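Data block below; observations after.
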Amino acid sequence: MMKKTLILLIVTAAVAACSKTPTALGPTPTEAQLQWQQLETYAFIHFGLNTFNDMEWGYGDTPASTFNPTDLDCEQWVLTLKACGMQGVILTAKHHDGFCLWPTETTDYCIKNSPYKNGQGDVVGELCEACRKHGLRFGLYLSPWDRHQASYGTEEYVKLYHQQIQELTYNYGPFFEFWFDGANGGDGWYGGANETRSIDANTYYDFEKARAIVCSGSPETMVFGGTVPTIRWIGNERGYAAPTLWCTVGDAWLPAEVDVSIRPGWFYHESEQPKALEELLDIYFNSVGHNANLLLNFPVNKEGRIPSIDSLRAVEWHQTLQNLFSEDLMKACKTSSSDPYANLQEQVFSFDNPTTLSCLVLQEDITKGQHVERFSISRYRNGKWLPLDTDEVMTTIGYKRIIRFKPAEMEKLRIRFIKTKGPVMMKKVSGYQ
Ligand code: FUL
(Lines give C-alpha, C1' and ligand atoms only; values in the text may rest on other atoms or scores of the structure.)
Protein backbone atom coordinates (compact mmCIF):
# COMPACT_ATOMS: atom_id res chain seq x y z
CA MET A 1 0.00 0.00 0.00
CA MET A 2 2.74 2.39 1.08
CA LYS A 3 4.80 1.39 -1.93
CA LYS A 4 1.91 1.96 -4.34
CA THR A 5 1.26 5.42 -2.93
CA LEU A 6 4.91 6.27 -3.24
CA ILE A 7 5.03 5.17 -6.87
CA LEU A 8 1.89 7.17 -7.60
CA LEU A 9 3.43 10.22 -5.99
CA ILE A 10 6.63 9.86 -8.00
CA VAL A 11 4.72 9.42 -11.26
CA THR A 12 2.48 12.43 -10.53
CA ALA A 13 5.49 14.57 -9.69
CA ALA A 14 7.28 13.49 -12.86
CA VAL A 15 4.27 14.32 -15.04
CA ALA A 16 3.92 17.69 -13.35
CA ALA A 17 7.61 18.41 -13.87
CA CYS A 18 7.38 17.67 -17.62
CA SER A 19 4.38 19.80 -18.42
CA LYS A 20 4.85 22.59 -15.94
CA THR A 21 5.33 26.09 -17.27
CA PRO A 22 9.04 26.76 -17.17
CA THR A 23 10.22 29.69 -15.16
CA ALA A 24 11.47 32.66 -17.15
CA LEU A 25 15.11 32.98 -18.05
CA GLY A 26 16.63 36.44 -18.33
CA PRO A 27 14.68 39.71 -18.26
CA THR A 28 10.90 39.72 -18.78
CA PRO A 29 8.43 42.56 -19.36
CA THR A 30 6.45 44.24 -16.63
CA GLU A 31 2.69 43.93 -17.04
CA ALA A 32 2.65 47.54 -18.31
CA GLN A 33 5.35 46.85 -20.91
CA LEU A 34 3.50 43.74 -22.04
CA GLN A 35 0.28 45.71 -22.51
CA TRP A 36 2.20 48.42 -24.38
CA GLN A 37 3.90 45.95 -26.74
CA GLN A 38 0.51 44.63 -27.73
CA LEU A 39 -0.53 48.07 -29.02
CA GLU A 40 1.81 47.71 -32.04
CA THR A 41 0.75 50.92 -33.84
CA TYR A 42 -0.13 54.38 -32.53
CA ALA A 43 0.16 57.92 -33.80
CA PHE A 44 2.28 60.98 -33.24
CA ILE A 45 0.88 64.46 -33.94
CA HIS A 46 3.35 67.28 -34.56
CA PHE A 47 1.52 70.57 -34.39
CA GLY A 48 2.52 74.01 -33.17
CA LEU A 49 4.09 77.29 -34.29
CA ASN A 50 6.25 75.42 -36.81
CA THR A 51 3.07 74.40 -38.64
CA PHE A 52 2.27 78.03 -39.42
CA ASN A 53 5.79 79.09 -40.29
CA ASP A 54 6.97 76.26 -42.53
CA MET A 55 9.58 75.19 -39.99
CA GLU A 56 10.80 72.01 -38.32
CA TRP A 57 12.77 73.54 -35.44
CA GLY A 58 11.54 76.98 -34.37
CA TYR A 59 14.30 79.11 -32.86
CA GLY A 60 12.15 80.17 -29.91
CA ASP A 61 11.20 83.66 -31.10
CA THR A 62 8.41 82.92 -33.59
CA PRO A 63 5.48 85.14 -32.53
CA ALA A 64 2.72 83.33 -30.62
CA SER A 65 0.27 85.36 -32.72
CA THR A 66 1.07 83.18 -35.74
CA PHE A 67 -0.61 80.15 -34.16
CA ASN A 68 -4.00 80.41 -35.80
CA PRO A 69 -5.72 77.23 -36.94
CA THR A 70 -8.93 78.16 -38.72
CA ASP A 71 -10.80 74.87 -38.55
CA LEU A 72 -9.19 72.84 -35.78
CA ASP A 73 -11.05 69.65 -35.00
CA CYS A 74 -9.45 67.15 -32.62
CA GLU A 75 -12.31 64.74 -33.15
CA GLN A 76 -11.38 64.63 -36.84
CA TRP A 77 -7.84 63.61 -35.80
CA VAL A 78 -9.08 60.94 -33.42
CA LEU A 79 -11.60 59.43 -35.83
CA THR A 80 -9.03 59.44 -38.64
CA LEU A 81 -6.44 57.74 -36.44
CA LYS A 82 -8.92 55.13 -35.29
CA ALA A 83 -9.88 54.42 -38.91
CA CYS A 84 -6.27 53.54 -39.68
CA GLY A 85 -5.84 51.20 -36.75
CA MET A 86 -3.97 53.50 -34.37
CA GLN A 87 -4.29 52.46 -30.73
CA GLY A 88 -3.32 55.81 -29.26
CA VAL A 89 -2.00 59.28 -30.01
CA ILE A 90 0.94 61.32 -28.69
CA LEU A 91 0.78 65.10 -29.16
CA THR A 92 3.69 67.57 -29.10
CA ALA A 93 2.47 69.64 -26.13
CA LYS A 94 5.70 71.65 -26.50
CA HIS A 95 8.38 71.31 -29.18
CA HIS A 96 11.94 72.70 -29.03
CA ASP A 97 10.66 76.25 -29.76
CA GLY A 98 9.05 76.28 -26.29
CA PHE A 99 5.51 77.21 -27.40
CA CYS A 100 2.93 75.43 -25.23
CA LEU A 101 -0.30 74.10 -26.70
CA TRP A 102 -2.12 74.30 -23.37
CA PRO A 103 -2.86 77.38 -21.22
CA THR A 104 0.08 76.96 -18.89
CA GLU A 105 0.91 79.07 -15.84
CA THR A 106 4.60 78.60 -16.50
CA THR A 107 5.08 80.92 -19.51
CA ASP A 108 3.33 83.49 -21.67
CA TYR A 109 4.69 81.74 -24.71
CA CYS A 110 1.59 79.64 -25.09
CA ILE A 111 -1.80 79.25 -26.69
CA LYS A 112 -3.30 81.89 -24.34
CA ASN A 113 -1.48 84.52 -26.37
CA SER A 114 -2.53 83.24 -29.77
CA PRO A 115 -5.58 84.23 -31.82
CA TYR A 116 -6.90 80.66 -31.61
CA LYS A 117 -10.31 80.93 -29.89
CA ASN A 118 -9.21 84.43 -28.82
CA GLY A 119 -6.72 82.93 -26.42
CA GLN A 120 -9.32 80.65 -24.83
CA GLY A 121 -8.27 77.47 -26.68
CA ASP A 122 -6.45 74.44 -25.30
CA VAL A 123 -5.30 71.93 -27.91
CA VAL A 124 -3.96 69.48 -25.30
CA GLY A 125 -7.30 69.56 -23.47
CA GLU A 126 -9.35 69.33 -26.66
CA LEU A 127 -7.42 66.30 -27.88
CA CYS A 128 -7.56 64.70 -24.43
CA GLU A 129 -11.32 65.06 -24.44
CA ALA A 130 -11.73 63.76 -28.00
CA CYS A 131 -9.65 60.72 -27.02
CA ARG A 132 -11.83 60.04 -23.99
CA LYS A 133 -14.98 60.47 -26.05
CA HIS A 134 -13.90 58.07 -28.79
CA GLY A 135 -11.80 55.64 -26.77
CA LEU A 136 -8.25 56.33 -27.95
CA ARG A 137 -5.21 56.23 -25.65
CA PHE A 138 -3.64 59.61 -25.02
CA GLY A 139 0.02 60.55 -24.57
CA LEU A 140 2.24 63.62 -24.72
CA TYR A 141 5.62 64.78 -25.97
CA LEU A 142 7.21 67.58 -23.97
CA SER A 143 10.57 68.75 -25.30
CA PRO A 144 13.12 69.15 -22.50
CA TRP A 145 15.10 71.51 -24.73
CA ASP A 146 13.40 74.91 -24.78
CA ARG A 147 14.83 77.53 -27.14
CA HIS A 148 12.50 80.23 -25.84
CA GLN A 149 13.20 80.35 -22.12
CA ALA A 150 15.79 82.83 -20.88
CA SER A 151 16.47 80.49 -17.94
CA TYR A 152 17.33 77.49 -20.12
CA GLY A 153 20.54 75.97 -18.77
CA THR A 154 19.89 77.01 -15.14
CA GLU A 155 18.15 75.30 -12.21
CA GLU A 156 15.24 77.68 -12.64
CA TYR A 157 14.39 76.18 -16.03
CA VAL A 158 14.42 72.64 -14.65
CA LYS A 159 11.85 73.75 -12.06
CA LEU A 160 9.73 75.24 -14.82
CA TYR A 161 10.03 72.06 -16.88
CA HIS A 162 8.92 69.91 -13.94
CA GLN A 163 6.05 72.29 -13.29
CA GLN A 164 4.92 71.88 -16.89
CA ILE A 165 4.95 68.11 -16.45
CA GLN A 166 2.99 68.53 -13.24
CA GLU A 167 0.35 70.70 -14.92
CA LEU A 168 -0.01 68.28 -17.80
CA THR A 169 -0.20 65.19 -15.62
CA TYR A 170 -2.66 66.75 -13.22
CA ASN A 171 -4.95 68.22 -15.89
CA TYR A 172 -4.78 65.68 -18.69
CA GLY A 173 -3.25 62.46 -17.30
CA PRO A 174 -2.90 59.59 -17.02
CA PHE A 175 -0.99 58.99 -20.24
CA PHE A 176 -0.28 55.72 -21.98
CA GLU A 177 3.12 57.10 -23.01
CA PHE A 178 5.20 60.20 -22.29
CA TRP A 179 8.03 61.40 -24.52
CA PHE A 180 11.19 63.13 -23.31
CA ASP A 181 12.77 64.02 -26.61
CA GLY A 182 16.49 63.42 -27.07
CA ALA A 183 17.41 66.61 -28.98
CA ASN A 184 19.17 68.80 -26.46
CA GLY A 185 20.90 72.13 -26.13
CA GLY A 186 22.40 74.18 -28.92
CA ASP A 187 21.57 77.55 -30.32
CA GLY A 188 18.34 79.36 -29.56
CA TRP A 189 16.65 82.64 -28.77
CA TYR A 190 16.73 82.09 -24.97
CA GLY A 191 14.88 85.26 -24.06
CA GLY A 192 16.86 87.32 -26.53
CA ALA A 193 20.33 86.04 -25.66
CA ASN A 194 20.61 84.43 -29.10
CA GLU A 195 23.38 82.09 -28.16
CA THR A 196 24.45 78.50 -27.94
CA ARG A 197 23.91 76.70 -24.65
CA SER A 198 24.92 73.19 -23.81
CA ILE A 199 23.77 71.05 -20.93
CA ASP A 200 24.48 67.50 -19.81
CA ALA A 201 21.20 65.74 -20.52
CA ASN A 202 22.16 62.90 -18.19
CA THR A 203 22.18 65.13 -15.15
CA TYR A 204 20.55 68.47 -16.00
CA TYR A 205 16.82 67.66 -16.25
CA ASP A 206 16.49 65.33 -13.23
CA PHE A 207 14.55 62.85 -15.32
CA GLU A 208 14.07 60.63 -12.27
CA LYS A 209 11.90 63.32 -10.76
CA ALA A 210 10.24 64.07 -14.12
CA ARG A 211 9.29 60.42 -14.49
CA ALA A 212 8.04 60.24 -10.91
CA ILE A 213 5.66 63.14 -11.64
CA VAL A 214 4.41 61.63 -14.92
CA CYS A 215 3.88 58.24 -13.34
CA SER A 216 2.39 59.45 -10.07
CA GLY A 217 -0.83 57.51 -9.85
CA SER A 218 -0.25 55.78 -13.20
CA PRO A 219 2.71 53.40 -13.08
CA GLU A 220 1.51 51.99 -16.41
CA THR A 221 2.69 55.10 -18.30
CA MET A 222 5.53 54.14 -20.65
CA VAL A 223 8.42 56.59 -20.63
CA PHE A 224 10.44 57.33 -23.75
CA GLY A 225 13.84 59.01 -23.44
CA GLY A 226 15.54 60.58 -20.47
CA THR A 227 17.67 58.62 -18.02
CA VAL A 228 15.02 56.23 -16.66
CA PRO A 229 13.05 55.07 -19.71
CA THR A 230 10.81 52.01 -19.90
CA ILE A 231 11.02 51.78 -23.71
CA ARG A 232 13.77 52.68 -26.16
CA TRP A 233 14.50 54.30 -29.53
CA ILE A 234 15.70 52.12 -32.39
CA GLY A 235 18.24 54.72 -33.50
CA ASN A 236 16.80 56.20 -36.70
CA GLU A 237 13.72 58.12 -37.81
CA ARG A 238 13.31 56.37 -41.17
CA GLY A 239 10.96 53.70 -39.90
CA TYR A 240 13.37 50.78 -40.16
CA ALA A 241 14.32 48.64 -37.18
CA ALA A 242 17.12 46.12 -37.71
CA PRO A 243 15.96 42.53 -38.24
CA THR A 244 17.90 41.43 -35.18
CA LEU A 245 16.09 43.21 -32.38
CA TRP A 246 16.06 42.29 -28.70
CA CYS A 247 13.53 43.54 -26.18
CA THR A 248 16.38 43.32 -23.72
CA VAL A 249 19.32 45.62 -23.12
CA GLY A 250 21.78 44.02 -20.74
CA ASP A 251 19.67 42.69 -17.91
CA ALA A 252 16.74 45.06 -18.49
CA TRP A 253 13.56 44.58 -20.51
CA LEU A 254 13.43 47.70 -22.71
CA PRO A 255 11.27 47.13 -25.79
CA ALA A 256 11.83 49.21 -28.92
CA GLU A 257 9.77 51.90 -30.61
CA VAL A 258 10.13 53.08 -34.22
CA ASP A 259 9.14 56.71 -34.82
CA VAL A 260 8.65 57.96 -38.36
CA SER A 261 6.50 60.53 -40.15
CA ILE A 262 3.99 59.77 -42.87
CA ARG A 263 5.52 62.80 -44.67
CA PRO A 264 9.21 63.77 -44.98
CA GLY A 265 8.88 66.34 -42.16
CA TRP A 266 7.43 65.97 -38.68
CA PHE A 267 5.52 69.24 -39.10
CA TYR A 268 3.21 70.16 -41.97
CA HIS A 269 4.74 71.77 -45.06
CA GLU A 270 2.66 72.62 -48.10
CA SER A 271 5.43 71.41 -50.40
CA GLU A 272 5.48 67.87 -48.96
CA GLN A 273 3.41 64.80 -49.76
CA PRO A 274 2.65 61.66 -47.77
CA LYS A 275 4.71 58.54 -48.39
CA ALA A 276 3.49 56.04 -50.97
CA LEU A 277 1.50 53.00 -49.85
CA GLU A 278 4.40 50.65 -50.69
CA GLU A 279 6.79 52.59 -48.47
CA LEU A 280 4.32 52.64 -45.60
CA LEU A 281 3.83 48.89 -45.91
CA ASP A 282 7.57 48.43 -45.89
CA ILE A 283 7.79 50.54 -42.75
CA TYR A 284 5.19 48.33 -41.07
CA PHE A 285 7.11 45.14 -41.89
CA ASN A 286 10.36 46.72 -40.71
CA SER A 287 8.94 47.97 -37.43
CA VAL A 288 6.06 45.84 -36.14
CA GLY A 289 7.44 42.99 -38.26
CA HIS A 290 10.81 43.41 -36.56
CA ASN A 291 9.64 43.23 -32.95
CA ALA A 292 9.11 46.98 -32.39
CA ASN A 293 6.13 49.26 -31.91
CA LEU A 294 5.38 51.78 -34.67
CA LEU A 295 4.78 55.43 -33.76
CA LEU A 296 3.55 56.94 -37.03
CA ASN A 297 3.47 60.73 -37.21
CA PHE A 298 0.67 62.74 -38.83
CA PRO A 299 1.47 66.43 -39.42
CA VAL A 300 -1.66 68.49 -38.78
CA ASN A 301 -2.05 71.34 -41.29
CA LYS A 302 -2.68 75.07 -40.87
CA GLU A 303 -6.43 74.58 -40.78
CA GLY A 304 -5.90 72.26 -37.84
CA ARG A 305 -6.76 69.03 -39.63
CA ILE A 306 -5.05 65.89 -40.84
CA PRO A 307 -5.04 66.45 -44.62
CA SER A 308 -7.39 64.11 -46.45
CA ILE A 309 -4.62 62.81 -48.72
CA ASP A 310 -2.80 61.59 -45.59
CA SER A 311 -5.86 60.04 -44.01
CA LEU A 312 -6.86 58.27 -47.23
CA ARG A 313 -3.32 56.90 -47.59
CA ALA A 314 -3.21 55.72 -44.00
CA VAL A 315 -6.63 54.08 -44.19
CA GLU A 316 -5.61 52.32 -47.41
CA TRP A 317 -2.45 51.13 -45.65
CA HIS A 318 -4.41 49.81 -42.70
CA GLN A 319 -6.95 48.05 -44.90
CA THR A 320 -4.20 46.45 -47.00
CA LEU A 321 -2.69 45.02 -43.82
CA GLN A 322 -6.05 43.88 -42.51
CA ASN A 323 -6.72 42.06 -45.78
CA LEU A 324 -3.31 40.41 -45.70
CA PHE A 325 -3.82 39.21 -42.13
CA SER A 326 -7.52 38.35 -42.46
CA GLU A 327 -7.20 34.56 -42.64
CA ASP A 328 -4.65 32.56 -40.70
CA LEU A 329 -4.14 29.49 -42.90
CA MET A 330 -2.25 27.68 -40.18
CA LYS A 331 -5.14 27.63 -37.76
CA ALA A 332 -6.23 24.20 -38.92
CA CYS A 333 -2.69 22.78 -39.06
CA LYS A 334 -1.59 19.81 -37.07
CA THR A 335 1.60 20.59 -35.23
CA SER A 336 4.37 18.34 -33.99
CA SER A 337 4.26 20.06 -30.64
CA SER A 338 1.03 20.89 -28.92
CA ASP A 339 2.78 21.95 -25.73
CA PRO A 340 4.10 25.48 -26.24
CA TYR A 341 6.37 25.03 -23.23
CA ALA A 342 8.06 21.92 -24.52
CA ASN A 343 11.36 23.80 -25.09
CA LEU A 344 11.31 23.33 -28.82
CA GLN A 345 14.17 22.52 -31.12
CA GLU A 346 11.84 22.49 -34.06
CA GLN A 347 8.17 22.77 -34.83
CA VAL A 348 6.52 21.09 -37.82
CA PHE A 349 3.08 22.11 -39.06
CA SER A 350 1.12 19.82 -41.41
CA PHE A 351 -1.58 21.10 -43.74
CA ASP A 352 -4.55 18.98 -44.80
CA ASN A 353 -4.03 20.11 -48.39
CA PRO A 354 -1.07 21.77 -50.13
CA THR A 355 -1.31 25.43 -49.14
CA THR A 356 0.28 28.56 -50.59
CA LEU A 357 1.75 31.06 -48.15
CA SER A 358 3.77 34.24 -48.58
CA CYS A 359 3.96 35.53 -45.04
CA LEU A 360 4.51 34.09 -41.58
CA VAL A 361 3.98 35.78 -38.25
CA LEU A 362 6.02 34.33 -35.39
CA GLN A 363 5.57 35.21 -31.73
CA GLU A 364 7.54 34.11 -28.71
CA ASP A 365 5.79 33.98 -25.36
CA ILE A 366 7.67 37.02 -24.07
CA THR A 367 6.24 36.67 -20.59
CA LYS A 368 8.99 34.04 -20.30
CA GLY A 369 11.65 36.25 -21.91
CA GLN A 370 13.07 36.58 -25.43
CA HIS A 371 15.30 33.66 -26.33
CA VAL A 372 15.53 32.85 -30.06
CA GLU A 373 18.81 34.01 -31.62
CA ARG A 374 18.71 32.18 -34.93
CA PHE A 375 16.13 30.06 -36.73
CA SER A 376 15.38 28.66 -40.18
CA ILE A 377 12.18 27.87 -42.03
CA SER A 378 11.59 25.22 -44.69
CA ARG A 379 8.59 23.93 -46.55
CA TYR A 380 7.82 20.35 -47.51
CA ARG A 381 6.57 19.75 -51.04
CA ASN A 382 6.54 16.63 -53.23
CA GLY A 383 8.68 14.61 -50.84
CA LYS A 384 11.38 17.26 -50.25
CA TRP A 385 12.25 19.91 -47.68
CA LEU A 386 12.94 23.19 -49.49
CA PRO A 387 14.11 26.61 -48.30
CA LEU A 388 11.85 29.65 -48.62
CA ASP A 389 12.71 32.17 -51.31
CA THR A 390 13.40 35.22 -49.13
CA ASP A 391 15.98 37.85 -48.16
CA GLU A 392 14.76 37.91 -44.57
CA VAL A 393 17.41 37.52 -41.90
CA MET A 394 16.15 34.85 -39.50
CA THR A 395 17.62 35.83 -36.19
CA THR A 396 15.47 37.21 -33.36
CA ILE A 397 11.69 36.78 -32.94
CA GLY A 398 10.50 38.38 -29.69
CA TYR A 399 6.97 39.73 -29.35
CA LYS A 400 6.41 39.58 -33.13
CA ARG A 401 8.45 38.74 -36.20
CA ILE A 402 6.98 38.82 -39.70
CA ILE A 403 8.72 36.88 -42.46
CA ARG A 404 7.75 37.60 -46.04
CA PHE A 405 8.75 35.31 -48.90
CA LYS A 406 7.90 34.51 -52.51
CA PRO A 407 4.50 32.72 -52.52
CA ALA A 408 5.17 29.01 -52.17
CA GLU A 409 3.08 25.86 -51.93
CA MET A 410 3.67 23.45 -49.08
CA GLU A 411 2.30 20.36 -47.39
CA LYS A 412 4.28 21.04 -44.23
CA LEU A 413 6.16 23.90 -42.70
CA ARG A 414 9.15 23.48 -40.39
CA ILE A 415 10.73 26.02 -38.09
CA ARG A 416 14.11 25.09 -36.62
CA PHE A 417 15.48 26.96 -33.65
CA ILE A 418 19.21 26.87 -34.30
CA LYS A 419 20.58 29.10 -31.58
CA THR A 420 18.78 30.19 -28.43
CA LYS A 421 19.51 31.97 -25.17
CA GLY A 422 17.08 29.82 -23.23
CA PRO A 423 14.10 27.51 -23.69
CA VAL A 424 12.09 28.31 -26.83
CA MET A 425 8.50 29.07 -25.97
CA MET A 426 6.41 30.08 -28.93
CA LYS A 427 3.12 31.79 -28.36
CA LYS A 428 1.86 31.63 -31.91
CA VAL A 429 2.80 30.93 -35.51
CA SER A 430 0.40 32.16 -38.17
CA GLY A 431 0.57 31.96 -41.94
CA TYR A 432 -1.00 34.08 -44.68
CA GLN A 433 -1.43 34.01 -48.38
C1 FUL B 1 13.38 64.67 -32.68
C2 FUL B 1 13.00 66.13 -32.83
O3 FUL B 1 14.15 66.93 -32.96
C4 FUL B 1 12.13 66.21 -34.06
O5 FUL B 1 11.79 67.51 -34.38
C6 FUL B 1 10.90 65.35 -33.81
O7 FUL B 1 10.12 65.92 -32.78
C8 FUL B 1 11.29 63.93 -33.46
C9 FUL B 1 10.15 63.05 -33.11
O10 FUL B 1 12.22 63.92 -32.41
O11 FUL B 1 14.34 64.47 -31.73
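The values are calculated or read from the model by the stated rules, or taken from the named source; none is laboratory data. Nothing here was measured: the structure is a model prediction, and the numbers come from that model. Reconstructed Cβ throughout: ideal geometry from the backbone, glycine too, with neighbour counts over all protein chains shown. For accessibility, only protein heavy atoms count, side chains too; no ligands or nucleic acids. Shrake-Rupley method; radii C 1.70, N 1.55, O 1.52, S 1.80 Å.
Computed values, structure above
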{"quantity": "Count - residues of segment 232-274 that are in a loop (DSSP other than H, G, I, E, B) and within 16 Å of the ligand (Cβ to nearest atom)", "calculated": "17"}
{"quantity": "Which numbered condition residue 222 misses (of (1) of a type outside the set (D, E, K, R); (2) more than 24 Å from residue 89 (Cβ to Cβ); (3) within 16 Å of the ligand (Cβ to nearest atom))", "calculated": "(2)"}
{"quantity": "Verdict on residue 158 being more than 24 Å from residue 45 (Cβ to Cβ), in contact with a Phe, Trp or Tyr (Cβ under 9 Å, 6 or more places away or on another chain) and without any contact (Cβ under 8 Å) to a residue 60 or more places away in the chain", "calculated": "yes"}
{"quantity": "Residue 49 vs. criteria within 14 Å of the ligand (Cβ to nearest atom) and out of contact with any strand residue (DSSP E or B) (no Cβ under 9 Å at 6 or more places or on another chain)", "calculated": "yes"}
{"quantity": "Test: residue in segment 220-231 that is buried (at least 16 other Cβ atoms within 10 Å of the Cβ), in contact with a helix residue (DSSP H, G or I) (Cβ under 6 Å, 6 or more places away or on another chain) and over 27 Å from residue 396 (Cα atoms)", "calculated": "no"}
{"quantity": "Single residue of 250, 289 found to be closer than 26 Å to residue 27 by Cβ and modelled with pLDDT under 95", "calculated": "250"}
{"quantity": "Matching entry among 125, 153 (being away from the ligand (no atom under 16 Å from the Cβ) and open to solvent by less than 20 Å² (accessible area, probe 1.4 Å))", "calculated": "125"}
{"quantity": "Members of segment 176-214 that are on the phi < 0 side of the Ramachandran plot, in a helix (DSSP H, G or I) and in contact (Cβ under 8 Å) with a residue 12 or more places away in the chain", "calculated": "207, 208, 209, 210, 211, 213, 214"}
{"quantity": "Answer residue from segment 244-272, given it is of a type in the set (A, V, I, L, M) and in contact (Cβ under 8 Å) with a residue 60 or more places away in the chain and is surrounded by the fewest Cβ atoms within 10 Å (Cβ to Cβ) among those", "calculated": "252"}
{"quantity": "Residues located in segment 87-118, provided they are away from the ligand (no atom under 16 Å from the Cβ) and under 25 Å from residue 281 (Cα atoms)", "calculated": "87"}
{"quantity": "Entirely in segment 30-97, the helices (runs of 4 or more DSSP H) that have 2 or more residues that are open to solvent by 10 Å² or more (accessible area, probe 1.4 Å) and under 25 Å from residue 308 (Cβ atoms)", "calculated": "74-83"}
{"quantity": "Among (1) open to solvent by less than 30 Å² (accessible area, probe 1.4 Å); (2) in contact with a His (Cβ under 7 Å, 6 or more places away or on another chain), the one test that residue 286 misses", "calculated": "(2)"}
{"quantity": "Meets criteria (part of a helix (DSSP H, G or I) and of a type in the set (Gly, Ala, Ser)) for residue 311", "calculated": "yes"}
{"quantity": "Condition met for residue 332 (surrounded by fewer than 15 Cβ atoms within 10 Å (Cβ to Cβ), assigned to a loop (DSSP other than H, G, I, E, B) and modelled with pLDDT under 95)", "calculated": "yes"}
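Let's see how each residue does on (1) touching a residue at least 24 places away in the same chain (Cβ under 8 Å); (2) within 17 Å of residue 140 (Cβ to Cβ):
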residue: 84; (1), (2): yes, no
residue: 88; (1), (2): yes, yes
residue: 93; (1), (2): yes, yes
residue: 97; (1), (2): yes, yes
residue: 100; (1), (2): yes, yes
residue: 107; (1), (2): yes, yes
residue: 112; (1), (2): no, no
